[in-house]
Amino acid sequence: MPVELELPWPPSLNHYYRHVGPRVLISRDGRKYRENVTAIARRTGHATFKCPVQVELDLYPPDNRRRDIDNSQKSLLDALTCAGVYEDDSLIHKITVTKREPMPPNGMAFIRISEYEKDRPKQAD
């Protein structure tokens, strides 16, 4: 059974991690984002995926500034691991990301996670 979540706009990697001496830590903003995602995910009551999954991600940025879609994925996918949606983000076998029109003032990420359906090779006619 697929899981669909409306999540807050994820922090960019530049704001998700902090370097403290030789260590890399999750920033205060990153920890708060994880807590928000965990609270939202728990409301679904869905069991943790333990099998390969596919992810469909629609990103609605907060404004019209230029953004790389790959900059938002890591913090979002890691937060979903922390929330227990799937055991580990290494279980993601397919991901489709679409950047949509802006949704001011805060933006949003809509995510659909389901068991991975292996693509079949195309047959020659």
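Search segment 96-117 for residues that are more than 19 Å from residue 66 (Cα to Cα) and pair each with any residue that is assigned to a loop (DSSP other than H, G, I, E, B) and at pLDDT 95 or above when their beta-carbon atoms are under 7 Å apart and the residues are at least 6 apart or on different chains.
Going by the 7 Å Cβ cut-off, the qualifying pairs are 113/85; 115/51; 116/52.
Which residues, counting only those in segment 1-50, are in contact with a strand residue (DSSP E or B) (Cβ under 7 Å, 6 or more places away or on another chain) and loosely packed, with under 11 Cβ neighbours inside 10 Å?
24 - this is the single residue of segment 1-50 that is in contact with a strand residue (DSSP E or B) (Cβ under 7 Å, 6 or more places away or on another chain) and loosely packed, with under 11 Cβ neighbours inside 10 Å.
Just checking, which of 55, 20 is within 12 Å of the chain's Cα centre (by Cα) and β-branched (Val, Ile, Thr)? Even if it seems obvious, please write down each step before you answer.
Values: 20 fails: within 12 Å of the chain's Cα centre (by Cα).
Only one candidate qualifies: 55.
Failed condition for residue 68, given (1) over 12 Å from the mean Cα position of the chain (by Cα); (2) of a type outside the set (Val, Ile, Thr); (3) more than 19 Å from residue 99 (Cα to Cα), with all others met?
Answer for residue 68: the failing condition is (3).
So which residues in segment 18-38 are of a type in the set (A, V, I, L, M) and either more than 18 Å from residue 107 (Cα to Cα) or in a strand (DSSP E or B) (or both), if there are any at all? Talk me through it step by step, then tell me what you get.
Taking segment 18-38 as the starting set, the residues that turn out to be of a type in the set (A, V, I, L, M) are 20, 24-26, 37.
Of everything in segment 18-38, those that are of a type in the set (A, V, I, L, M) and either more than 18 Å from residue 107 (Cα to Cα) or in a strand (DSSP E or B) (or both) turn out to be 20, 24, 25, 26.
Could you please tell me which pairs satisfy a Cβ distance under 7 Å, a separation of 6+ or placement on different chains, a first residue in segment 3-15 that is in contact (Cβ under 8 Å) with a residue 40 or more places away in the chain, and a second residue that is surrounded by 14 or more Cβ atoms within 10 Å (Cβ to Cβ) and of a type in the set (Asp, Glu)?
Correct list of pairs: 11/29.
Got a number for residues in segment 84-113 being part of a loop (DSSP other than H, G, I, E, B) and more than 11 Å from the chain's Cα centre (by Cα)? It would help to see each step written out before you state the result.
Going residue by residue through segment 84-113, those that are part of a loop (DSSP other than H, G, I, E, B) are 84-85, 87-88, 100-107.
Retained after the next criterion (residues that are more than 11 Å from the chain's Cα centre (by Cα)): 84, 87-88, 100-107.
Final tally of qualifying residues: 11.
How many residues are among the polar types (S, T, N, Q) and touching a strand residue (DSSP E or B) at 6+ places or on another chain (Cβ under 7 Å) when one looks only at segment 68-120? So that I can check it myself, show each step before the final result.
So the first thing to find is which residues in segment 68-120 are among the polar types (S, T, N, Q), and the list is 71-73, 75, 81, 90, 96, 98, 106, 114.
Those left that are additionally touching a strand residue (DSSP E or B) at 6+ places or on another chain (Cβ under 7 Å): 72-73, 96, 98, 114.
Of the residues in segment 68-120, 5 are among the polar types (S, T, N, Q) and touching a strand residue (DSSP E or B) at 6+ places or on another chain (Cβ under 7 Å).
What pairs come out if I take residues in segment 26-54 that are closer than 19 Å to residue 117 by Cβ and of a type in the set (A, V, I, L, M) and pair them with residues that are part of a helix (DSSP H, G or I) and at pLDDT 95 or above whose C-beta lies under 9 Å away, six or more apart or interchain?
From segment 26-54, the pairs are 53/91.
Within segment 62-73, is there a residue that is at pLDDT 95 or above and surrounded by 19 or more Cβ atoms within 10 Å (Cβ to Cβ)?
no
Out of 80, 59, which single residue is assigned to a helix (DSSP H, G or I), closer than 15 Å to residue 110 by Cβ and modelled with pLDDT of 95 or more? I'd like the intermediate steps shown before the answer.
Working: 59 fails: assigned to a helix (DSSP H, G or I).
It is 80.
The values are calculated or read from the model by the stated rules, or taken from the named source; none is laboratory data. Keep in mind that what you see is a predicted model, and the values were worked out from it rather than measured. Reconstructed Cβ throughout: ideal geometry from the backbone, glycine too, with neighbour counts over all protein chains shown.
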